[in-house]
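What follows is a short report on a single structure.
The values are calculated or read from the model by the stated rules, or taken from the named source; none is laboratory data. Computed from a prediction, not measured in an experiment: that's the story for all the values here. Here the Cβ positions follow ideal geometry from the backbone for every residue, glycine too, while neighbour counts run over all protein chains shown.
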Amino acid sequence: MFRVGNGIDFHRLINEPFRPLMLAGVEVKSDFAFLGHSDADVILHAVADAILGAAGLGDIGQHFPDTDPIHKNMQSSLIVHKALSLAAEKGWKLVNVDCTYVGDHPKINPIRKELQQSLANIVSLPLEDVSIKATTSEGMGALGRSEGVLVMATILLEK
Ligand SMILES: [Zn+2]
């Protein structure tokens, strides 16, 4: 049996040199950071939401409410691990992950391999089963003005 899931997440970029900018568990060098209650790792949030969705387990807002102080600055790899373990309780195992990042800052291409390796480690999959693609909004709208980024994730579960 297979189940496909998709997740989407947006985070606003803020000029805050002392807040780490986290992407797929990697601290990216930047004077900017993503605004958020947890560590605001937009890739990991989209992946966690896709896993929960495929397993019929709701969304990360239900499991990790941003009103709960315990989740403040939380490492988002823990959110992905929790989503995977909830799915595993129902017998589901992750097959692959495919992400599309939409944004102009930070640029993904120079760090893509590092992000893919980190994401592969977090979800315990071989590198070839984890993909991170990047595009821009061609200068249109809030994403084109680098006010934030958007990530879409698609994942497959099997049992
Ligand atoms: Zn998020």
Top-ranked residue in the stretch 119-159 [being part of a helix (DSSP H, G or I) and among the aliphatic types (A, V, I, L, M); ranked as surrounded by the most Cβ atoms within 10 Å (Cβ to Cβ)]
Leu119
For residues that are over 11 Å from the mean Cα position of the chain (by Cα) and touching a residue at least 12 places away in the same chain (Cβ under 8 Å), tally how many sit in the stretch 68-83.
8
Consider only pairs whose beta carbons are under 6 Å apart and that are at least six residues apart or on different chains; among these, list those whose first residue lies in the stretch 132-159 and is without any contact (Cβ under 8 Å) to a residue 40 or more places away in the chain and whose second residue is of a type in the set (Asp, Glu) and part of a strand (DSSP E or B).
none
Somewhere in the stretch 3-13, is a residue over 25 Å from Glu158 (Cα atoms), surrounded by fewer than 16 Cβ atoms within 10 Å (Cβ to Cβ) and more than 13 Å from the chain's Cα centre (by Cα)?
yes
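How many of the residues in the stretch 37-54 are more than 13 Å from the chain's Cα centre (by Cα) and either among the polar types (S, T, N, Q) or at pLDDT below 95 (or both)? Walk me through how you get there before you give the answer.
Taking the stretch 37-54 first, the residues more than 13 Å from the chain's Cα centre (by Cα) are 37, 53-54.
Adding the requirement that they be either among the polar types (S, T, N, Q) or at pLDDT below 95 (or both) leaves 37.
Residues meeting the conditions: 1.
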List the residue pairs whose Cβ atoms are under 6 Å apart, where the first residue sits in the stretch 1-12 and is in contact (Cβ under 8 Å) with a residue 12 or more places away in the chain and of a type in the set (Lys, Arg), the second is assigned to a strand (DSSP E or B) and more than 16 Å from the ligand (Cβ to nearest atom), and the two are 6 or more positions apart or on different chains.
Arg3/Leu157
